[in-house]
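To start, the structure under review is shown below, and the notes come after it.
The values are calculated or read from the model by the stated rules, or taken from the named source; none is laboratory data. Given the structure is predicted, the values throughout are model-derived calculations rather than measurements. Note that we place each Cβ from the backbone using ideal geometry, even for glycine, and neighbour counts take in every protein chain shown. What goes into the accessible areas is simple: the full protein's heavy atoms, side chains included, and nothing from ligands, DNA or RNA. Shrake-Rupley method; radii C 1.70, N 1.55, O 1.52, S 1.80 Å.
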Amino acid sequence: MQLITITGGQTLHGRIRPAAAKNSVLPLLAATLLCRTPSRLRAVPPLADVATSLALLQSVGAKAERQGSDLFVAPGQDLQGEIPDYLAGAMRSSVFYLAPLLCRVGEVRLPLPGGCKLGPRPVDIHLAGLAAMGAQVELEGIAVTLRRRGPLHGVDFALRLPSVGATMTLMMAATQAGGTTILRGAACEPEICDLANFLRACGAHITGAGTPVVVIQGGKPLQGTAWTPLPDRIAAATYAAALACAGGEVTVTHCAPAYYAAFLDFLQAAGVDVARQDTTVTLARSPARPLRGGQTLCANAWPAFATDTAPLAAAVLLTADAPSEIYDHLFARRFACAEGFTALGARCCTAGRTLYMDGRAALHGAAVTAPDLRGGAALLLAALGAEGVTLLRDPGHIPRGYADLPGDLRTLGADCITEKT
Ligand code: EPU
C-alpha cells in the first residue's frame, strides 16, 4: 500500500517526458513469444504491470529480464501454456498471452484476467476470433483453455466491437496462421500500429493497422528485434491535466500532440493555453483564471476522447465555472473516483455511465482511496488544486501505470510525497 501526501496550491513549472506506453509495452512483451530469437524493448519504465509480465514470461519458460532501462526476452524452445492464477489475476494484460502460447505450445490455460474493475470486461471477442481460426475453446469456471490440433488458419472475421485487446490478440494469432486473415471492425488506437510495426519488423506481413480493416498474411517465421515502444499518450495527458488543475506552465516533450489531440482540444476549451509543436506541447494557465465548464464529453474508441483520460478530465472540471458531464461509452464503472472527488469537496454524481459535475467547487484536502489506476491518478491531480493536505491511499493501482507519478509531479514543483505503509 502506498500513502501519497499531497499539499495543494503549488503551481507547476518545467518540462516532462512521458515514458514508453504501458498499453504498448504489455502486448509487445507477449508478442516476443511469437519470435524464434530474442527481442529487446528499449527504455521501458519499471511499472508494476511490467514486473508482472516479466514474471509471467518466466513462468511459461521464457528468459525475461530487465537490463538497465531495457527489457530482454528470449522465448526459448521449451515453453509451456499454464498461466499461474496469481499472475493472470494481477492484470488484464495476461489475456495477451492466449494467442502466442496457443501458437507456440498448442495449448494454453488462462485463469480469467484481472485488472482495473471498470465494469464487465469479457474476453468473448478474443475467443470467438481464435475459435474462427481453428482453436478449440473450453471454458471451465474461472479459466479458459485453448487447444489447436494443427496450425491455425486464416479467417475473414468481423469484431463485434473495436476491442483494442482483441484486435491485438487476433493480429498476433494471424501472423502464425496459414493463409490470409482479414480483421474487420478492428480497433485503430496508436498502440495497435505499434504492435503491427513491431511484428512487421520481426518479419510479419500486416497491412491496414490503424484502420478498421487489417490484413495479415500468416505463416511467416518471426525473428526477434530491438524496438522502442511508443510514448505513453495517457501519461502525457496526465501531466497536461496536472497543469490544468494546479496552474503554471509545463512543456510535455517527446510525445506528438496528435496522440492526445482530443484531450488537448478539451483543455483548450476549458481555457488552458495550449501550444502544439512537432513532438512537444506547452500548456499554461494562471491559477487565478477560472477554468471553463459547460462541457459535454463522450469517451469512446480512437480517435475519440480516450476513456483512460475521462477521470483526468473530470479532475479538471470539478472547479470549472459551470456544470459539465462526461459519458464513457466503453466502461460501465469508469467513474469510481467520484466518491473521492466528493470527499475533496466537489459536487458530482454518477448516473449509469455518466459523471455529472456541478463545477464551482472550492476543493479541500481529505483522506481518499484510489479505486483504480486512472481514477487514482485523477484524485492525485484534483488534490494538487485543493487547499490543504490530501492523504491518498493507493492499494497498488497507480504504480501499475505510472512508475512514480508523485515523483514526476514533484519535478514540476508539486508538493507530494509517497510512503510505503
Ligand atoms: N470487450 C468485450 N469483449 C471482448 C473485449 C472487450 O465486450 O472480448 C469490451 C470491454 O468490456 C469494453 C470494450 O470492449 O467495454 C473496450 O475494451 P477493449 O478490449 O478495447 O479494452 P482492453 O483491451 O481491455 C485497453 C487498455 C485499457 C483501455 C482500453 C480502451 C491495455 C492493457 N488496456 O483495454 O487501458 O482503457 O484498451 O482504450 O491495453 C488503462 O490503461 O488504465 C486501461 C484500462
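Here are a few things to note about the model shown:
- Which listed residue, of GLY76, GLY68, is within 24 Å of the chain's Cα centre (by Cα) and at positive phi: GLY68
- Cβ pairs under 7 Å, 6+ apart, first in the range 119-135 and under 18 Å from CYS103 (Cα atoms), second within 6 Å of the ligand (Cβ to nearest atom): ILE125/SER163; ILE125/ALA166; HIS126/GLY165; HIS126/ALA166; GLY129/ALA166
- Residue in the range 100-119 that is more than 25 Å from LYS220 (Cα to Cα), open to solvent by 70 Å² or more (accessible area, probe 1.4 Å) and within 13 Å of the ligand (Cβ to nearest atom) present: yes
- For the range 316-347, a residue qualifies if it is closer than 22 Å to ARG289 by Cβ and either of a type in the set (Ser, Thr, Tyr) or open to solvent by 20 Å² or more (accessible area, probe 1.4 Å) (or both), and the qualifying residues are THR319, ASP321, ALA322, PRO323, SER324, GLY345, ARG347.
- For the range 275-301, the tally of residues that are hydrophobic (A, V, I, L, M, F, W, C), more than 16 Å from the ligand (Cβ to nearest atom) and either without any contact (Cβ under 8 Å) to a residue 12 or more places away in the chain or not in a strand (DSSP E or B) (or both) stands at 3.
- Taking the range 348-370 as the range and being assigned to a loop (DSSP other than H, G, I, E, B), open to solvent by 10 Å² or more (accessible area, probe 1.4 Å) and away from the ligand (no atom under 15 Å from the Cβ) as the test, the residues that pass are ASP358, ARG360, ALA361, ALA362, LEU363, GLY365, ALA366.
- Qualifying residue in the range 43-60 (condition: more than 30 Å from PRO406 (Cβ to Cβ) and either surrounded by fewer than 20 Cβ atoms within 10 Å (Cβ to Cβ) or within 16 Å of the ligand (Cβ to nearest atom) (or both)): yes
- For the range 376-421, a residue qualifies if it is outside any loop (DSSP other than H, G, I, E, B) and β-branched (Val, Ile, Thr), and the qualifying residues are VAL389, THR390, ILE398, THR411, ILE417, THR418.
- Residue match in the range 76-83 (condition: within 30 Å of ALA19 (Cβ to Cβ), more than 16 Å from the ligand (Cβ to nearest atom) and modelled with pLDDT under 95): yes
- Residue check for ALA99: touching a helix residue (DSSP H, G or I) at 6+ places or on another chain (Cβ under 6 Å) and farther than 28 Å from ASP156 by Cβ: no
- One residue stands out among those in the range 261-274 that are outside any loop (DSSP other than H, G, I, E, B) and open to solvent by less than 10 Å² (accessible area, probe 1.4 Å): the one that is nearest to ILE234 (Cα to Cα), which is PHE263.
- Selected residue (criterion: nearest to ALA30 (Cα to Cα)) from residues of the range 162-188 that are crowded, with 21+ Cβ neighbours inside 10 Å and among the hydroxyl-bearing types (Ser, Thr, Tyr): THR169
- Condition check for SER69: in contact (Cβ under 8 Å) with a residue 24 or more places away in the chain and within 13 Å of the ligand (Cβ to nearest atom): no
- For the range 139-158, the tally of residues that are modelled with pLDDT of 95 or more, surrounded by fewer than 20 Cβ atoms within 10 Å (Cβ to Cβ) and under 24 Å from LEU112 (Cα atoms) stands at 3.
- Index of the failed condition, LYS22 passing every other in (1) open to solvent by 10 Å² or more (accessible area, probe 1.4 Å); (2) away from the ligand (no atom under 16 Å from the Cβ): (2)
- Test: residue in the range 228-238 that is away from the ligand (no atom under 16 Å from the Cβ), of a type outside the set (D, E, K, R) and in contact (Cβ under 8 Å) with a residue 24 or more places away in the chain: yes
- Apart from one condition, ALA322 fits all of (1) among the aliphatic types (A, V, I, L, M); (2) free of Cβ contacts under 8 Å to residues at least 40 places away in the same chain; (3) in contact with a Leu (Cβ under 9 Å, 6 or more places away or on another chain); the exception is (3).
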